[in-house]
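We did not get these values from a lab; they are worked out from the coordinates using the rules stated. Values in this document were obtained by computation on a predicted structure and should not be read as measured data. Because the Cβ atoms are built from the backbone with ideal geometry, glycine has one as well, and the counts that use them run over all protein chains shown.
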Amino acid sequence: MVRLAGRQWGLVAVVASTPFLFAFLLAAASPGLVEPVLGTALGGASWGLAAILGLLGGAVFAGCLGTISRSPGMTGSPIRRVLGLVLATFVPLALCIVPALCLLLAGPALAMRLEQGVGVVREERFEPAKQLAQRLRYQLPRVLPRLPRLGAW
């Protein structure tokens, strides 16, 4: 990897710390989220995985920046440099940062639902299907009529 300049390492740090910053903002905005995250293994694992994804996104971004700074065509034109920087940002954003933010939101919500005893799949949804199956069982004839066998010919 090519050595990155100081401002490039600052950009890598911003990308890598995005899930951490988002977690602190979530905790400040809704303190009730911190208890399920710290109190359950699922919530803590989701935030831990989000932090690892953020660091991985920073590493991917550093690799993309190193590739951009090695190419001679990118250093000449400022427009190409900006376009390369934007394209290099989309790769870790799509692969790491967006899934990390989804984990930060989904982990505590799922942990709270499981803590409250509400299952992921509700049984009330299947009640009409059970009633329909019982009604069909009583409507079907007890003995099916004899059907001709294919091998009898």
- Message: What distance in nm lies between label points placed 7 Å from Cα along the C-beta direction at L87 and I52?
- Response: 3.2 nm
- Message: Please compute the length gained on full extension between L21 and R3, using 0.36 nm multiplied by the number of residues separating them and subtracting their Cα-Cα distance.
- Response: 3.8 nm
- Ratio for the range 60-116, C-alpha Rg to 2.2 N^0.38 Å, reads 1.73
